[in-house]
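The values are calculated or read from the model by the stated rules, or taken from the named source; none is laboratory data. The structure displayed is predicted, hence computed values, not measured ones. We place every Cβ from the backbone using ideal geometry, glycine too, and count neighbours over all the protein chains shown. The area values use the complete protein model at the heavy-atom level, side chains included, leaving out ligands, DNA and RNA. Shrake-Rupley method; radii C 1.70, N 1.55, O 1.52, S 1.80 Å.
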Amino acid sequence: MILAAETNEGLAQLSNELVYASMAVYTLAFLAHITEWVFGSRSKVGRTAAALTGAKDAAAPATVSVRVEGAGGTTVLDRPKVVTRSAAGTRDVPDGPGAAGGTVKGDLYGRIAVSLTVLAFALEAAGVVTRAISVQRAPWGNMYEFSTTFSTVAVGTYLGFLLAKKNVRWIGLPLVTTVLLDLGVATTWLYTDSDQLVPALDSYWLWIHVSTAIFCGAVFYLGAVATLLYLFRDSYENKLANGGEPGSFARSVLERLPSAASLDKFSYRVNAAVFPLWTFTIIAGAIWAGDAWGRYWGWDAKEVWSFITWVGYAAYLHARATAGWKGRKAAYIALIAFGCFLFNYYGVNIFVSSKHSYAGV
Amino acid sequence: MSKTDTTETNRAAGADEAAAADLSTAPREETAGGPALGVVGWIRWFWRQLTSMRVALILLFLLSLGAVPGSLIPQTSADEMKVADFKAAHESLTPLYEKLQLFDVYSSVWFSAIYILLFVSLIGCIVPRTWQFVGQLRGLPPGAPRKLTRLPAYTTWRTGADPEQVREAALGVLKGRRFRARSAGDAVAAEKGYLREAGNLLFHIALIVMLVAFAWGQLFKSEGGKLVVEGDGFSNTLTQYDDFKSGSQFGVDELEPFSFSLDSFTGTYEKSGPQRGTPRTFEAAVTYTRGGGKDEKAVIRVNEPLKIGDSKVYLIAHGYAPVVTVRDGRGKSVFHGAVPLLPIDNNITSTGAIKVMDGYRDKNGEKQQLGFKAFFVPTFAGAGKGDMFSQFPALDFPVMALTGYHGNLRVDSGLPQNVYQLDTSKMTQFEVDGGTGVAQRMRPGETMTLPDGAGSITFEKDIKEWASFQVSQQPGNGLALGGAVAAIAGLTGSLFIQRRRVWVRAVRGEDGVTVVEMAGLGRSESAKLPEELADLAVALTATAPPAPEPAEAEASEGVEK
Ligand code: HEM
C-alpha cells in the first residue's frame with residue numbers, strides 16, 4: 001500500500017533545492033531575454049509599416065507567392081510552385097523578425113536565454129520528479145505541487161514547439177517572467193511539506209484527471225499570451241494602416257512580434273487543439289466524482305468554474321466561426337475564458353469553499 | 001479590415017462563393033433588419049434569430065455568467081447548513097436572494113430558461129444542418145469555378161499529355177487519396193474531409209444526449225444516507241434510511257433489494273509531522289447479500305463504492321460510538337449499547353446524547369427517563385491542558401465527559417427529535433458535588449455513580465466505530481458517459497479535420513499543348529492545403545510530366561488576376 005510508505009525527507013529536501021536552483025537559472029534566462037530585446041531595439045527594420053503603407057501605392061496585388069519545397073531530394077521532379085492567396089479582407093503583413101530584431105548580438109543573447117531555459121526546465125522537472133519519488137505518488141496533491149508542475153509543463157510545451165521548429169521564441173520573455181512569478185508564489189505562499197495524500201485523493205483518477213488539467217492549463221496559458229500579444233499587435237497594425245503614428249517604444253517592441261494574423265492563428269490552433277482534452281478532463285473529473293462522492297455532477301464550485309471555462313472556450317470557438325465576431329472580439333472571449341481557468345485554480349482553491357478545497361493551499 | 005481593396009475583395013468573394021457553397025453547414029448570419037410581415041413573419045424571424053450562431057454565442061455567454069453566482073453563494077442542493085448560516089448572517093439580502101432563487105441557482109427559473117433556450121436553439125440548428133449535410137453527402141462536389149487562379153492555393157503547368165488523359169489520371173489520383181471526385185466538363189472536382197462536418201454534428205447531438213441523460217438522472221435518482229455502527233446492519237428499504245431524497249419520478253419499489261452489515265471500520269492517520277492527524281486510509285469492511293442470496297464480503301473505500309445491481313454504496317463519513325451501560329438503583333441494566341456520536345472537528349472531538357427511554361425506575365420505583373449529554377475525545381490532551389478537545393483522530397487516549405439528566409425526554413412530544421441532541425426543557429440535571437456542576441470525565445472501563453442511589457452509567461472498554469453510507473441509484477449514467485465519449489470523438493474530428501475541395505482543369509491551349517490547372521479551397525486558411533495540393537500535383541505529373549515553358553511572360557500570366 002502506497003499510503004503506508006514514509007515520505008523520504010532527504011529527497012523532499014533535494015526537490016526543494018532543485019526548484020530553487022531552477023528559479024535562479026530562470027532569472028538568468030529572464031535577464032538574457034531582456035538583453036536580447038534591448039539589442040534588438042537598435043535595429044530599425046520597419047517592415048510592418050512598409051508592408052502596410054507600401055501596399056497602398058504599389059500596383060502589385062497583395063498576394064504572397066510561396067514556394068513549397070519538396071521533402072528531400074529523392075524525387076527528380078521539381079515540386080510545382082503553389083501560389084497561395086490570403087482570404088479576402090486579411091492584411092498581408094510579414095511576421096516581425098523576433099526579439100533580436102535581426103541583430104547578431106541580440107540573437108546570441110536570445111540563444112543563451114533559450115539554453116538557460118532548457119537548463120532551468122531540466123532542474124525544475126527534476127525537482128518535480130524527486131518530489132514525486134519522495135512521496136511515492138503523483139506530485140499533484142496540493143497547490144505548491146500543482147504550481148511547480150504547471151510551470152514545468154508550460155516551459156516544456158514551449159521548448160517542444162521550439163524543437164518542432166515553430167516560430168515561438170517571442171513567447172520566451174513573457175513565459176519566463178510568469179514562470180518566475182508562479183514559482184515565487186509557489187515557494188513563498190503555497191509551500192506545503194511533502195506528504196501523503198488524503199484518502200479522497202488516493203485514486204488512479206488523480207493521474208488522469210489532474211495531469212490533463214495541468215497540461216491543458218499550460219497550453220491555454222501559451223494561447224492566452226499569444227492572444228494578448230495579438231491584441232497589441234493588431235491595434236499597432238490598425239494604427240499604421242490608418243496612417244497613425246505609434247509611440248516609439250510600442251513600435252520597437254511590436255514591430256518585432258509576428259504579424260497579428262500569425263499570432264491569432266497560433267492562439268486559435270493552440271486553444272482548439274487542447275479544447276477536446278479539456279472536455280476530457282472535465283468528464284474524467286465527473287467520473288471520479290461519481291466514484292468518490294456518489295454523483296458525477298453536483299455544481300460544486302470547482303465543477304462550476306471548469307464548466308464556465310469550458311463554455312468560455314466553446315464560445316470562443318463559436319465566435320471564430322461567426323462573422324462579425326472574428327478577430328478582436330473572439331480574442332477578448334479567449335482571454336476571459338483563460339481568466340476563468342485561472343480563477344478556478346487560485347480563486348476557488350483559496351476563497352471559495354468547495355469539496356475540492358482539501359487540495360491544500 | 002483595411003478598406004483599400006474592398007472592390008478587389010468583393011470580386012474575389014463573388015468568384016469563390018459558388019465554389020465554397022456548402023463547404024460547411026453553419027447557418028448564414030442574417031444581418032438584415034426586422035421581420036417581413038404579420039405574425040408568421042415574426043415567428044419565422046424569431047426562430048431564425050434563435051437558431052443563428054450569434055444568438056447561440058450570446059446564450060453560451062449567459063449560461064456561463066449565470067453559473068457564477070451559484071459558485072459564490074451557498075447552494076441548498078450542496079449544503080443546507082451553509083445556506084442557513086448565510087441567511088442568518090445576511091438578513092437584509094436574504095429576501096432579495098430568495099426572490100432571485102440565488103440559493104438554488106441551478107434549478108432556478110432563469111437558469112433553466114437559459115439552457116432550455118440554448119438547447120432549443122441547438123436542436124433548431126442541428127436538424128436543418130443534418131438534412132443539409134445528408135444532401136451534401138448524396139450530392140456531388142460542385143464544378144470548378146471559372147477562374148481557378150482566384151482560389152487560395154493554385155498551381156499550373158503545361159504538359160504533353162492529352163487533356164482527357166490528365167483528367168482521367170487526376171480522377172484516379174484523387175480517388176486514390178479518398179477524395180470524392182467526379183468529372184465535370186473540362187475539369188475534375190473533388191472534395192474530402194466530410195468527417196469534419198459529421199464530427200461537428202455528432203458533437204452537438206452528443207450535447208443533447210448528455211442533457212437528456214442528466215435530466216433523466218435527476219428525475220429517477222434516489223439517494224439515501226445511513227449511519228451504521230460496527231456489528232450492525234442495514235437493509236435497503238425506505239424505513240431504514242436516516243434521510244432519503246429522490247427524483248420526482250422515482251418509485252420506492254425500485255429500491256434494489258440488498259442488505260449489508262458493517263464488520264469493521266479502519267481509519268489510519270498521519271502520526272507525525274506538520275500534517276499530523278491527516279487521514280490516510282478509511283476502509284469499511286462489510287458483508288452483503290443481494291436479494292436473499294449468499295453472503296459476500298467487500299471493502300468500501302472513499303473512492304471505491306460497492307456496486308450492488310443498480311445501486312452504489314459510498315463511504316461518506318465515520319466517527320466513534322462508545323458503548324455504555326446504564327443501571328438503575330437496584331443494579332438492573334436498563335440500557336446497553338453503542339451510541340454513535342457526531343464529530344465536530346477534524347480530530348473527531350464528538351458530541352451526542354444517550355437517551356434511556358424506558359425500563360428505568362428511580363429509587364421510589366417511579367418510571368422516569370434518563371438522558372446524558374456526551375462529549376467524547378479519542379485522544380485527550382491531559383487534565384488541565386486547556387479545553388477538552390481531541391488532539392488526534394485515533395483512539396490513543398479516549399475520554400468521555402457525561403452530564404446526566406432525569407425527567408421527560410419529550411420524544412413523544414410530536415416534534416421530530418434529533419437523536420444527537422437532548423431536549424432538557426423537561427429534565428433536571430443530576431446534582432454533581434452538591435450542585436449541578438461540571439460534567440464528569442471518564443476513561444473506558446470507568447463507572448459514574450449517579451447521586452442519591454439513582455443508578456450508574458458505565459463507559460465500557462469496547463469503543464466501536466461507525467461509518468455512514470450513501471446509497472445512490474442514478475439511472476442515465478451510462479447514457480451520459482456515452483454522450484460524453486461521443487462528444488469528445490466528434491469534437492476531435494471537427495477540430496482536427498479540414499474539409500477542402502480540389503479542382504483539376506486540363507484544356508488544350510492555343511498552341512496545342514495541354515495546360516493543367518489545379519486549385520484548392522478549404523473552410524479556413526491552412527498551411528496544409530497548399531502542401532496537399534503540391535503533393536497531388538506531384539502525383540499527377542507521373543502521367544502529365546511538365547513540358548518546357550514557352551516563355552516566361554506566359555507563365556506569369558497564370559498568376560495574374
Ligand atoms: C450547448 C450549446 C453549444 C455548445 C457547448 C457548442 C459548442 C461548440 C464547439 C465547442 C464548437 C467547436 C467545434 C467545431 O468547430 O466543430 C462548435 C462549433 C459549431 N457550433 Fe456549436 N455549440 C453549442 C450550440 C450551438 C448552436 C445553438 C448552434 C447553431 C446556431 C451551433 C452551431 C455550431 C456550428 C455551425 C459550429 C461549427 C463552426 C465551424 O465549422 O467552425 N452550436 N460548437
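Modelled spin-label separation between B:T447 and A:T27, with each label point placed 7 Å from Cα along the Cα-to-Cβ direction: 7.2 nm.
Sorted by accessible area with a 1.4 angstrom probe, largest first, how do A:H209, B:H90 fall?
Working: A:H209 40, B:H90 70 Å².
Listed by decreasing accessible area, they come as B:H90, A:H209.
Evaluating kT/(6 pi eta Rh) at 4 °C and 1.567 mPa s, with the Kirkwood radius of segment A:263-306 over Cα pairs in the Stokes-Einstein relation, gives 111 µm² s⁻¹. Across all Cα pairs in segment B:214-258, the calculated P(r) in 10 Å bins from zero up to the longest distance comes to 25, 50, 20, 5 percent per bin. Greater than 29 Å separation of Cα atoms is the criterion. Which listed pairs, B:K147/B:K175; A:K302/B:K373; A:K81/B:K147; B:K363/B:K426; B:K297/B:K464; B:K245/B:K461, meet it? Cα-Cα > 29 Å for A:K302/B:K373; B:K245/B:K461; rest within.
Ignoring ligands, DNA and RNA, what percent of the 1.4 Å accessible area of the protein assembly as shown is carbon and sulfur? Spell out each step's value before the answer.
Working: 25710 of 43100 Å².
The value for the protein assembly as shown is 60 percent carbon and sulfur by accessible area.
Plugging the Kirkwood radius over Cα pairs into Stokes-Einstein for segment B:161-298, at a temperature of 4 °C and a viscosity of 1.567 mPa s, what D comes out in µm²/s?
Details: Rh = 22.1 Å.
Approximately 59 µm²/s, per Stokes-Einstein.
In chain B, the DSSP-assigned H stretches of four residues or longer account for a calculated mean residue ellipticity at 222 nm of -10500 deg cm²/dmol, using -39500 (n - 2.57) per stretch and the full residue count as denominator. From the largest down, segment A:174-313 spans 62, 33, 21 angstrom on the principal axes of its Cα atoms. Seen from every direction in turn and averaged, the convex hull around the alpha carbons of chain B projects onto 43.5 nm². Computed from Cα atoms alone, the Kirkwood hydrodynamic radius reported for segment B:272-325 is 13.8 Å. Placing pseudo-labels 7 Å out from each Cα toward the beta carbon at B:E91 and B:L65 gives an inter-label distance of 3.4 nm. Phi angles across segment B:373-379 convert, under the Karplus curve 6.51 cos²θ - 1.76 cosθ + 1.60 with θ = phi - 60°, into 3J(HN,Hα) values of 8, 10, 10, 10, 10, x, 9 Hz, Gly and Pro given as x.
Once the 1.4 Å probe is applied to the protein heavy atoms, chain B comes out at 50 Å² accessible per residue.
Which value, in debye to the nearest 20, gives the size of the charge dipole of the protein assembly as shown about its Cα centre, when Lys and Arg are +1 and Asp and Glu are -1 at the Cβ? Please list the in-between numbers first.
Values: 87 positive and 86 negative charges, 469 e Å.
The calculation lands at about 2260 debye.
Put a dot 7 Å past the Cα of B:L140, heading toward its Cβ, do the same for A:T178, and the two dots end up 5.2 nm apart.
Which number comes out as Rg/Rh for segment B:233-296 once both Rg and the Kirkwood Rh are worked out on C-alpha atoms? Looking at segment B:233-296, the ratio lands at 1.18. Accessible surface buried at the B:A interface totals approximately 6100 Å², computed with a 1.4 Å probe on protein heavy atoms.
By the gyration tensor of its Cα atoms, with a ≥ b ≥ c the square roots of the eigenvalues, what is the shape of segment A:231-333: rounded for a/c under 1.5, prolate for a/b over b/c, or oblate?
Details: a/c = 3.41, a/b = 3.03, b/c = 1.13.
Prolate, because a/c is 1.5 or more and a/b exceeds b/c.
Placing unit charges on the Cβ atoms of the charged side chains and taking the dipole of the protein assembly as shown about its Cα centre, the candidate lying farthest along the positive direction among A:P94, B:M357, A:W297 is A:P94. Look at the dipole of the protein assembly as shown built from charges on Cβ: of A:A261, A:V114, B:S183, the Cα furthest out on the positive end belongs to B:S183.
Given R₀ = 60 Å, what would the calculated FRET efficiency be for B:A381 paired with B:V55, taking r from the Cβ atoms and rounding to 0.05? Please list the in-between numbers first.
Values: r = 64 Å, r/R0 = 1.06.
Step by step, r from the Cβ atoms, then E = 0.40.
Ranked from largest, the principal axis spans of the Cα set of the protein assembly as shown equal 130, 68, 56 Å. In chain B, the longest principal axis of the Cα atoms and the axis of helix B:194-220 are about 20 degrees apart.
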